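Engineer: Please see the structure below; I have some questions.
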Amino acid sequence: MPIAPSADTDSGRRRLLMAFAASAAAALPWPVPAMAMAGSTAPATDPRADWRWLIGNWNVRHRRLKERLSGSDEWESFAGRGAVWSTLDGLGTIDDNQMDLPGGSYHGMSIRAFDPATRQWAIWWLDARNPTRIDPPVRGGFAGDGGTFLGRDTLRGQPILMRFRWHDIHGPRPWWEQAFSGDDGASWEVNWRNWFTRTDAEPTPLPRLPQAPDDWNFLAGQWRVRHRRRPRLSRTEDWDEFDGTFHNWPVLGGFGNVGDNLMRMPAGDVRGMGIRAFDPARGEWSSWWLDGRTPDRIGAPLRGRIRNGERVLIGEEIVDGQVILTRVIWSRITPRSARWEQASSRDGGTSWDTDWISDFTRNG
């Protein structure tokens, strides 16, 4: 279900959204050197098997360079753990992580999705210390017993090339390596390695932090969903009705949650992921939608909080080339049921047109 930045955004935000819509088909913000991408595209095998080896719970041993691309050779070692779930019928994963640095623990989450058009995986990172944004992705795939993924980002205001590599993925101790390049792939500095030891083949959530909000505790678990939907801003009274399923997990120590959706629409099944993270500084939730039909991108977030017992999230989206407001409300919440409603506005929120209603019933 499409889920939407706060209503106080300005015209600069609208220009940014329009620019995003115009360039959304691009695989990366700017090209990765062809030599760097060599061998990183997944072979023509079933991509649902690509991350099967990682599903479950893990203890993780980390070794990280303290300063990156600064000539430092000072490393620190620390422990961590992770939980990995399969989503999007095997074409996605959620990878929740706790890292116990010497200065204190923090949480982060990897979001992965496979694009059949390019036969590449995209991997995004959401850091719970900066929960209002999702980092730019790396993209690539697997060959043999490993995988390579590359992407663009910035470090201290300068453009860099990022590289993730997985090794020994079918062995007893798979390991991961991160490297950065400040010279467009001519040279690389490895700045992080970690080694995985499985603790359980079936994933279970990592421990909840005592200060975590309870706003979404009701949503954890598995649900049956009844949907009613009509074209956005159409004013038609012709609604499609269809069923679906929903599975939600707490992540980020309870400061986030992820929902895996299957919607059996009349034209065919649609899958997607809803991703939510809480910002304690603003007392506000951000909520993103990753649509399985366009798995190379994650949409702009909705943002909001609890109002009179309802979870209300509002933000801007592009619909038919126009910037509109989208509002999502979670209401009628009981231990076994809930309602989700989406509405759209062309007039800045003066009037709203409800276009999607989903009623949730807990399984079991």
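Engineer: What does the charge dipole of segment 211-321 about its Cα centre add up to, to the nearest 20 debye, if the Cβ of each Lys and Arg holds +1 and the Cβ of each Asp and Glu holds -1?
Structural biologist: Numbers: 17 positive and 17 negative charges, 25 e Å.
With Lys and Arg at +1 and Asp and Glu at -1, about 120 debye.
Engineer: Right, something else. 222 nm [θ] for the chain, helices only, -39500 (n - 2.57) per DSSP H run of 4+, per residue, to 500?
Structural biologist: -1500 deg cm²/dmol
Engineer: Which trypsin sites (Lys or Arg not before Pro) in segment 213-259 sit in a loop by DSSP (not H, G, I, E or B) and have at most 10 other Cβ atoms within 10 Å of their own Cβ?
Structural biologist: Working: sites: Arg224, Arg226, Arg228, Arg229, Arg232, Arg235; in loops: Arg232, Arg235.
In loop regions of segment 213-259 (DSSP not H, G, I, E or B), the sparsely surrounded trypsin sites (Lys or Arg not before Pro) are Arg235.
Engineer: Give me the accessible area per residue for the chain, probe 1.4 Å, as a whole number in Å².
Structural biologist: On a per-residue basis, the chain sits at 44 Å².
Engineer: Please find the FRET efficiency linking Ala281 to Arg226, where r is the Cβ-Cβ separation and R0 is fixed at 35 Å, and quote it to the nearest 0.05.
Structural biologist: Details: r = 37 Å, r/R0 = 1.06.
Result of the calculation: an efficiency of 0.40.
Engineer: Right, next: Would you calculate the separation in nanometres between label points at His167 and Ile306, each defined as 7 Å from the Cα along the Cα-to-beta-carbon direction?
Structural biologist: Going from the His167 label point to the Ile306 one covers 4.7 nm.
Engineer: What's the magnitude of the charge dipole for the chain around its Cα centre, counting Lys and Arg as +1 and Asp and Glu as -1 at the beta-carbon? Answer in Debye, nearest 20.
Structural biologist: Computed charge dipole of the chain: roughly 420 debye.
Engineer: May I pose another question? Just the number, please: carbon plus sulfur as a percent of the accessible area of the chain, 1.4 Å probe, no ligands or DNA/RNA counted.
Structural biologist: With neighbouring chains kept in place, the figure for the chain is 50 percent.
Engineer: Here's a follow-up. Among Phe180, Pro207, Thr236, flag the residue with its Cα farthest along the positive direction of the charge dipole of segment 166-250, charges on Cβ as +1 for Lys/Arg and -1 for Asp/Glu.
Structural biologist: Farthest along the dipole direction, towards plus: Thr236.
The values are calculated or read from the model by the stated rules, or taken from the named source; none is laboratory data. Fair warning: this is a prediction, and the values are worked out from it, not measured in the lab. Cβ: placed from backbone, ideal geometry, glycine included. Neighbour counts: every protein chain shown. To get the accessible areas, we keep the full protein, side chains included, count just its heavy atoms, and leave off ligands, DNA and RNA. Shrake-Rupley method; radii C 1.70, N 1.55, O 1.52, S 1.80 Å.
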